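Notes to accompany the following structure.
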Amino acid sequence: MKTATLNKSEIGKCIDLLVQSDLRVIAPRLIPRLDEDGTDSIDVLTFTEVESGDDHQVGEGLLPLNGVKEFLFAKHEPLFAYEKRGKKVEIIPVHHEYPQTVIIGVRPCDAASIASLESVFSNANAGFEDPFFTERRSRTTFITYSCTAPDASCFCTSVDLAPDSSKGSDLHLTEIGDGRLHVEVLTKAGEAVAKQLESLLEGEGDQAAREKSGAEVHEKLTRLRNSAPIMDWLMDTANFDDEMWQRLGEKCIGCGSCTFVCPTCHCFDIVDENKGSKGYRVKFWDSCQFDHFTLHASGHNPRDWQYKRYRNRFNCKFKIYPEKFETQGCVGCGRCIRACPVNLDITEYMAEVAHKAANPNAIKADPDFE
């Protein structure tokens, strides 16, 4: 692994060099948005395309509102066009742009989610592959940035990650003091980017300072949950109708906010959008938290109550995903906690399940259980 040092003040110059190399560069930026009343504008940290290094917040703040998922798995994407001609239907291919892309300022939790999405959309070993996702992924390089100030909703260490993890990264940056960044080149894609930035990179990195920085940030994490027993508890079918699901899940209003901000959620629907005799077959994001998500044509809905839908989401994160794909269904980013309008907290479930696993006769978890 190659290492180097970069001055934090020169991140803007890095972006300029990448843009000048005809790369599409995605970075965190503050985007003005209207508040809930539609009156005042507030700035929201958002991953978006940048055209110069003058406008970015790489390394500033916590997590952008959106993750990197939408740049690999499009929110709304036509699969093909069609036109009805008498009794026949002509299928017309659609053209998609796949520009070479660098996403800079990705936090470790978001980077770890990439492997989770690959398991679903680009799993050649399992015999299925989404060509749209796979092509975008092959043309995207990730420059990650270790967290410096996790907030009260972060819980990456509860799912075997860390605020300075380099999992899923091509080139990783860590603040090591005095306005310097420790640079780790981790993949061939990272090497290609490092070569484009070599005029700004200095000597070798400082591994000791990198490790010290990671340890200091790790100590700032306050939301620590024991997730080790969760999968075993969920595997026991006797717990499928545990009283906890309804007691905690009845708060959920089924808005789907948690699934849309989640970096690993991948549910989608396919519909025909047509006007007259022409149209498109379109794939778009969907949510398992919507009441019609599992509605059968017969009118039967196997998840007829909202708590059952939330139970499914929790099972997907901590049982179905790791069992089926051997990757993480949850990366501990905390976005679902921040986005929930009724303050539903997934770590409350994690804590209670861990407590129940350790105390099989328990009815309700100690609220202070960690």
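The values are calculated or read from the model by the stated rules, or taken from the named source; none is laboratory data. All of these numbers come straight from a predicted model, not from anything done at the bench. Here the Cβ positions follow ideal geometry from the backbone for every residue, glycine too, while neighbour counts run over all protein chains shown.
If you check residue 140 against the conditions, is it under 30 Å from residue 211 (Cβ atoms), at pLDDT 90 or above and in contact with a Pro (Cβ under 9 Å, 6 or more places away or on another chain)? The answer is no for residue 140.
Of the residues making up region 269-287, those that are crowded, with 17+ Cβ neighbours inside 10 Å and either touching a helix residue (DSSP H, G or I) at 6+ places or on another chain (Cβ under 9 Å) or closer than 22 Å to residue 113 by Cβ (or both) are 283, 285, 286, 287.
Scan region 172-186 and give yes if some residue there is free of Cβ contacts under 8 Å to residues at least 60 places away in the same chain, surrounded by fewer than 22 Cβ atoms within 10 Å (Cβ to Cβ) and assigned to a loop (DSSP other than H, G, I, E, B), otherwise no. Yes, the conditions are met somewhere in region 172-186. Of 12, 53, all but one fail to be closer than 24 Å to residue 200 by Cβ and part of a helix (DSSP H, G or I); the exception is 12. Against the list (1) under 19 Å from the mean Cα position of the chain (by Cα); (2) more than 27 Å from residue 132 (Cα to Cα); (3) surrounded by fewer than 21 Cβ atoms within 10 Å (Cβ to Cβ), the condition residue 346 fails is (3).
Here residue 71 fulfils each of the conditions (1) without any contact (Cβ under 8 Å) to a residue 60 or more places away in the chain; (2) within 17 Å of the chain's Cα centre (by Cα) apart from (1). Cβ-Cβ distances below 7 Å connect the following pairs, each with a first residue in region 284-303 that is under 24 Å from residue 263 (Cβ atoms) and in contact (Cβ under 8 Å) with a residue 60 or more places away in the chain, a second residue that is hydrophobic (A, V, I, L, M, F, W, C) and surrounded by 13 or more Cβ atoms within 10 Å (Cβ to Cβ), and a separation of six or more residues or different chains: 284/268; 285/260; 285/268.
Being within 27 Å of the chain's Cα centre (by Cα) and assigned to a loop (DSSP other than H, G, I, E, B) is a description that does not apply to residue 298.
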